[in-house]
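Scroll down for the structure; my scribbles are underneath it.
The values are calculated or read from the model by the stated rules, or taken from the named source; none is laboratory data. What you see is a predicted model, and the numbers here were worked out from it, not measured in a lab. We place every Cβ from the backbone using ideal geometry, glycine too, and count neighbours over all the protein chains shown.
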Amino acid sequence: ISSRLASSLGFEVGMFAGSVASAMVLGAPDITLITLSEFVDQARRVTRASDISLMVDSDHGYGNAMNVMRTVSELENAEVCAMSIEDTSLPTPFGEKQGAAVISLREAVGKMKAAVAAKRDPATVVIGRCAAMGIEGIDGVLTRAKAYEEAGVDALFFTGLSTKEHVQAIRAATTIPLMLGSAPAEIQDQEFLAANGVRIALKGHLPLQVMVQGIYDALKHHADGGQPAGMSDRTPSAEIMAQALSSADYDAWQSEFLK
């Protein structure tokens, strides 16, 4: 439904985050509990539902470099157009704080090379995701960024950047398109980002958060004895529901094939 609505609003690319997958499939937080098969199945449902190009956050590729190759293959089969592979040490090692460790540069480069080698469609985009900012600082990030580009990834994805200087330093050290995770307002200037090679800048998971709040509010309204009419101003129009469910397509198919 989200992909259909996004497409109807003119979005060309959708992002399916690992945290959203964990929430939707498992009702669990983003702590690397979802399996590759569960993730791929959900991605396939999205690509089947609409024509929007789907980019996914495939975490650490669900294991070592060999697992990364399997991940790329399965996601391509699900008609995913782009996927990120990150250097965070996942699942969180015993005794470590979540997200507080990254794998070695050598291992990370091996995983990036494996992802690129596994592509069957040259149009598939492999994105090397770097989460080392809070661990190795900007120098470590620059070293990894250059190494991932040399490994053949099509784009680079960074989390934890906090200043424009970080973005500028990365742009100076690399040549391929850049992507940012949620970042401070100082960085969220579209002209600045475009001038420094950033092609995608994520803005968190607002649709999921609004959806959860909406479900809670509706259930709370009923629990308090409220009637549906009391929340009529919060419900979608018939037109929006029809877009979400592709009702026009199904009506046409029923008219053609069932009558």
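If I ask for residues that are among the polar types (S, T, N, Q) and part of a loop (DSSP other than H, G, I, E, B), which ones from region 160-171 would you list?
Of everything in region 160-171, those that are among the polar types (S, T, N, Q) and part of a loop (DSSP other than H, G, I, E, B) turn out to be S162, T163.
Quick check on region 111-124. Is at least one of its residues within 21 Å of S19 (Cα to Cα), touching an Asp or Glu at 6+ places or on another chain (Cβ under 7 Å) and at pLDDT 95 or above?
Looking through region 111-124, none of the residues is within 21 Å of S19 (Cα to Cα), touching an Asp or Glu at 6+ places or on another chain (Cβ under 7 Å) and at pLDDT 95 or above.
Rundown of residues vs (1) without any contact (Cβ under 8 Å) to a residue 12 or more places away in the chain; (2) among the acidic types (D, E), yes/no style:
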{"site": "A21", "(1), (2)": "no, no"}
{"site": "T35", "(1), (2)": "no, no"}
{"site": "S53", "(1), (2)": "no, no"}
{"site": "V68", "(1), (2)": "no, no"}
{"site": "D87", "(1), (2)": "no, yes"}
{"site": "S104", "(1), (2)": "yes, no"}
{"site": "K119", "(1), (2)": "no, no"}
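Residues to consider are V40, V68, V25, V56; find the one that is touching a strand residue (DSSP E or B) at 6+ places or on another chain (Cβ under 7 Å) and assigned to a helix (DSSP H, G or I).
Going through V40, V68, V25, V56 in turn, just one is touching a strand residue (DSSP E or B) at 6+ places or on another chain (Cβ under 7 Å) and assigned to a helix (DSSP H, G or I): V68.
For residues that are part of a helix (DSSP H, G or I) and free of Cβ contacts under 8 Å to residues at least 40 places away in the same chain, tally how many sit in region 76-85.
The qualifying residues number 1.
Among the candidates P236, P207, which residue alone is under 26 Å from P29 (Cβ atoms) and out of contact with any His (no Cβ under 6 Å at 6 or more places or on another chain)?
The match here is P207.
Looking for something of a type in the set (V, I, T) and either assigned to a strand (DSSP E or B) or surrounded by fewer than 18 Cβ atoms within 10 Å (Cβ to Cβ) (or both) - is there at least one such residue anywhere in region 147-159?
No; the residues of region 147-159 include none that is of a type in the set (V, I, T) and either assigned to a strand (DSSP E or B) or surrounded by fewer than 18 Cβ atoms within 10 Å (Cβ to Cβ) (or both).
Residue by residue through region 32-56, note down the ones that are hydrophobic (A, V, I, L, M, F, W, C), more than 17 Å from Q243 (Cα to Cα) and either outside the structural domain of L9 (by TED's automatic domain parsing) or touching a Gly at 6+ places or on another chain (Cβ under 9 Å) (or both).
Residues satisfying the conditions are I34, L36, F39, L54, M55, V56.
Select from region 213-226 the residues that are surrounded by 12 or more Cβ atoms within 10 Å (Cβ to Cβ) and either outside any helix (DSSP H, G or I) or under 23 Å from the mean Cα position of the chain (by Cα) (or both) and list them in ascending order.
G214, G226 - these are the residues of region 213-226 that are surrounded by 12 or more Cβ atoms within 10 Å (Cβ to Cβ) and either outside any helix (DSSP H, G or I) or under 23 Å from the mean Cα position of the chain (by Cα) (or both).
Between V125, V141, which is crowded, with 16+ Cβ neighbours inside 10 Å, without any contact (Cβ under 8 Å) to a residue 60 or more places away in the chain and of a type in the set (V, I, T)?
Result: V141 is the single residue among V125, V141 that is crowded, with 16+ Cβ neighbours inside 10 Å, without any contact (Cβ under 8 Å) to a residue 60 or more places away in the chain and of a type in the set (V, I, T).
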